[in-house]
1. Go through region 56-85 and give me each residue that's open to solvent by 60 Å² or more (accessible area, probe 1.4 Å) and assigned to a loop (DSSP other than H, G, I, E, B).
2. Would you mention how many residues in region 86-100 are assigned to a strand (DSSP E or B) and open to solvent by 10 Å² or more (accessible area, probe 1.4 Å)?
3. Which one is nearest to H52 (Cα to Cα) among residues in region 1-11 that are open to solvent by 40 Å² or more (accessible area, probe 1.4 Å) and modelled with pLDDT of 90 or more?
4. Which members of region 6-30 meet the condition of being over 15 Å from the mean Cα position of the chain (by Cα) and of a type in the set (A, V, I, L, M)?
5. Go through region 19-31 and give me each residue that's surrounded by 13 or more Cβ atoms within 10 Å (Cβ to Cβ) and touching a Phe, Trp or Tyr at 6+ places or on another chain (Cβ under 9 Å).
6. Among what's in region 120-139 and is open to solvent by 20 Å² or more (accessible area, probe 1.4 Å) and under 13 Å from the mean Cα position of the chain (by Cα), pick the residue that is nearest to S169 (Cα to Cα).
7. Can you spot a residue in region 101-108 that is surrounded by 15 or more Cβ atoms within 10 Å (Cβ to Cβ) and in a helix (DSSP H, G or I)?
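The values are calculated or read from the model by the stated rules, or taken from the named source; none is laboratory data. These numbers were taken from a predicted model, which means no experiment stands behind them. We place every Cβ from the backbone using ideal geometry, glycine too, and count neighbours over all the protein chains shown. We work out accessible area using only protein heavy atoms, side chains counted, and drop any ligands, DNA or RNA first. Shrake-Rupley method; radii C 1.70, N 1.55, O 1.52, S 1.80 Å.
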Amino acid sequence: MHDVKLSDGVVTLSPPRVDDADEHLAGEDELLVRWLSGGPSTREGTEVYFRHCIEQWATRGPLRAFGIRVAPESTLAGYIDLRFEMAGLAPGQVNISYGLYPAWRGQGLVTRAVRLVCRYAAAEGATQGVIRVDPENSRSAAVARRSGFTYDKRVPEADGNQCDWYVRSLAHGVDPASR
C-alpha cells in the first residue's frame with residue numbers, strides 16, 4: 001500500500017486500513033449518513049470500501065482516501081477523500097469530501113485536514129479544489145469557507161438534489177486560509 005502520512009502536528013492523515021472498520025462503525029451517526037453515505041454502514045460494506053480505498057492507493061487511482069487521526073493514540077476521528085476524476089469536474093479540479101465523528105466535531109480538525117489534503121492535491125497536479133455541499137449543511141459550508149474556499153455556484157446533482165460548489169485555487173504554495 002502507498003504509505004502516505006500528512007500531518008500538521010495536531011491532525012495526521014493516512015490511508016484507511018481494514019482494521020479501522022470498528023472505529024468507523026462506532027463513530028458513524030445520523031449526520032454522516034445524511035450528508036455523506038446515504039445509508040448506515042455495515043461491517044461488510046465498510047471493509048469492502050476500505051479495501052477499495054487501499055487498492056486505489058496501490059494503483060494510484062483517482063480516489064485518495066485518508067483517515068483523519070488525532071494524537072497521541074492516532075485515534076480515528078473521521079475521514080477525508082480526494083477524487084481526481086468525477087462527473088462534472090473540469091480538468092485539474094479535485095473533489096474534496098469529509099466527515100467527522102460526533103466526539104471530534106467543533107475543534108477545527110476538518111479545517112486542518114482540508115488544508116493538508118489541498119497541499120497534497122496540488123503536489124499531485126490538481127489546480128483547483130472543489131467542495132460540494134448540500135445547501136442545508138451549514139457546518140460543512142463553514143469548513144469550506146474557513147479553509148479558504150469561496151462559493152461558486154449551485155449545481156443540480158444526478159439524484160436531483162442541489163449542491164453548492166465552493167472552490168479554491170491550489171496553486172503551489174498558496175494557502176489563502178493561512179493568511
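1. Matches in region 56-85: R60, A71, P72, E73, S74, E85.
2. Going through region 86-100 one residue at a time, the tally reaches 4.
3. Looking only at region 1-11, we keep the residues that are open to solvent by 40 Å² or more (accessible area, probe 1.4 Å), and these are 1-3, 5, 7-10.
Filter once more, keeping what is modelled with pLDDT of 90 or more: 7-10.
Numbers: S7: 23, D8: 27, G9: 28, V10: 27 Å.
This residue is S7.
4. V10, V18, A21, L25, A26
5. Those that are surrounded by 13 or more Cβ atoms within 10 Å (Cβ to Cβ) and touching a Phe, Trp or Tyr at 6+ places or on another chain (Cβ under 9 Å): D20, A21, E23, H24, G27, E28, D29.
6. By that ranking, first place goes to Y120.
7. Yes, the conditions are met somewhere in region 101-108.
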